[in-house]
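The values are calculated or read from the model by the stated rules, or taken from the named source; none is laboratory data. All of these numbers come straight from a predicted model, not from anything done at the bench. Virtual Cβ from ideal backbone geometry, glycine too; neighbours counted across all protein chains shown.
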Ligand SMILES: [Zn+2]
């Protein structure tokens, strides 16, 4: 079990500029600021499907992820699925709330990003709650008084989710300033911060993965299936990539490639496959319990012969599986077709 620490970063509305500037003016100018933690492989997934507003929030958050990925060595792998930010076993994700998972928002707070990390200062999970009492809309151009642009707020929050803290030198233009402003995209200062965090992370072949759904219950002898995706963020082809289930679970296991557009099987069962740089591969995985067991996180190993395994994160690329000797209703509906590489 990893040690988990929690940190919160709140983003504040511009109306409090004067009060905060008075406080900040006494601080030393150091340029960008880092939270002190980072993702092990310069990448993570983030679920962007915030419900409502005809998908406008979801697409704005998806764009905010791309705002960082397109100009820095860090890669967000956006997932078109919902992940509850207030559920600690949920994948990285975001939603609106009248409170930050039960804690009152501070005065003028637009959103709060919370993350957990292990004793090696590597991120475990990051999530964001946007303040539903704020009048948000999505627009480009100067900040308007009547409503706050959701996308640039989301971009600030995603900066926290990758390891950036607030730029507290108000003379340096930064998306990571503590107050929302006319700045809509990562600036040179923001990018320098991400470079400092991740430039040294060698990633000729760098893997991320996701599994949907995240839990199944079946009878012993019956097969639980799920969809898995492996993504190679590196600059070289991943060789002989495969999925394994550690032998500690009393179950047989197979995997097979699929066509991500149709979820139809392709290739051959248990056949490793190369994954080109920048490409993803979808799979069906099938677990058949040979004995009864209670809810157990099946930590699949997804790796290539020339890569470190994709980082494992409970609920994100694990499958909470239980097997019983009597028929059990499998309460989770397969909705994996919503997975895409956004
Ligand atoms: Zn912030």
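Limited to region 289-308, what total is found for residues that are under 15 Å from residue 243 (Cβ atoms) and assigned to a strand (DSSP E or B)?
Qualifying residue count, region 289-308: 4.
Could you tell me how many of the residues in region 294-309 are surrounded by 14 or more Cβ atoms within 10 Å (Cβ to Cβ), under 17 Å from residue 43 (Cα atoms) and at pLDDT below 85?
2
Those residues that are closer than 19 Å to residue 48 by Cβ and either more than 15 Å from the ligand (Cβ to nearest atom) or over 15 Å from the mean Cα position of the chain (by Cα) (or both), I need them from region 104-123; list them, please.
Across region 104-123, the qualifying residues are 110, 111, 112, 123.
Quick one: residue 201 ticks every box in (1) buried (at least 17 other Cβ atoms within 10 Å of the Cβ); (2) modelled with pLDDT under 90; (3) over 30 Å from residue 294 (Cβ atoms) bar one, so which box is it?
Every listed condition holds for residue 201 apart from (1).
Here's the yes/no breakdown for (1) in contact (Cβ under 8 Å) with a residue 60 or more places away in the chain; (2) in a loop (DSSP other than H, G, I, E, B):
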{"site": "225", "(1), (2)": "yes, no"}
{"site": "229", "(1), (2)": "yes, no"}
{"site": "257", "(1), (2)": "no, no"}
{"site": "261", "(1), (2)": "no, yes"}
{"site": "268", "(1), (2)": "no, yes"}
{"site": "281", "(1), (2)": "no, no"}
{"site": "310", "(1), (2)": "yes, yes"}
{"site": "323", "(1), (2)": "yes, no"}
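Within region 79-98, does at least one residue satisfy the condition of being at pLDDT below 95 and outside any loop (DSSP other than H, G, I, E, B)?
yes
Quickly run through region 158-172 and pick out the residues that are farther than 13 Å from residue 33 by Cβ and modelled with pLDDT under 95.
Answer for region 158-172, where residues must be farther than 13 Å from residue 33 by Cβ and modelled with pLDDT under 95: just 171.
Among the residues of region 126-135, is any over 26 Å from residue 45 (Cα atoms), within 15 Å of the ligand (Cβ to nearest atom) and surrounded by fewer than 24 Cβ atoms within 10 Å (Cβ to Cβ)? Write out each step before concluding.
Step one: of region 126-135, the residues over 26 Å from residue 45 (Cα atoms) are 133-135.
Among the residues that remain, those that are also within 15 Å of the ligand (Cβ to nearest atom) are: 134.
Adding the requirement that they be surrounded by fewer than 24 Cβ atoms within 10 Å (Cβ to Cβ) leaves 134.
Yes, that holds for at least one residue.
If we scan region 44-63, do we find a residue that is at pLDDT 90 or above and either farther than 30 Å from residue 146 by Cβ or not assigned by TED's automatic domain parsing to the domain that holds residue 143 (or both)?
There is at least one residue in region 44-63 that is at pLDDT 90 or above and either farther than 30 Å from residue 146 by Cβ or not assigned by TED's automatic domain parsing to the domain that holds residue 143 (or both).
Would you be able to say whether some residue in region 257-270 is within 20 Å of residue 312 (Cβ to Cβ) and at pLDDT 90 or above?
Narrowing region 257-270 to residues within 20 Å of residue 312 (Cβ to Cβ): none.
No, that holds for no residue.
Within 15 Å of the ligand (Cβ to nearest atom), assigned to a helix (DSSP H, G or I), assigned by TED's automatic domain parsing to the domain that holds residue 130 and touching a helix residue (DSSP H, G or I) at 6+ places or on another chain (Cβ under 8 Å) - does that describe any residue in region 171-185?
No; the residues of region 171-185 include none that is within 15 Å of the ligand (Cβ to nearest atom), assigned to a helix (DSSP H, G or I), assigned by TED's automatic domain parsing to the domain that holds residue 130 and touching a helix residue (DSSP H, G or I) at 6+ places or on another chain (Cβ under 8 Å).
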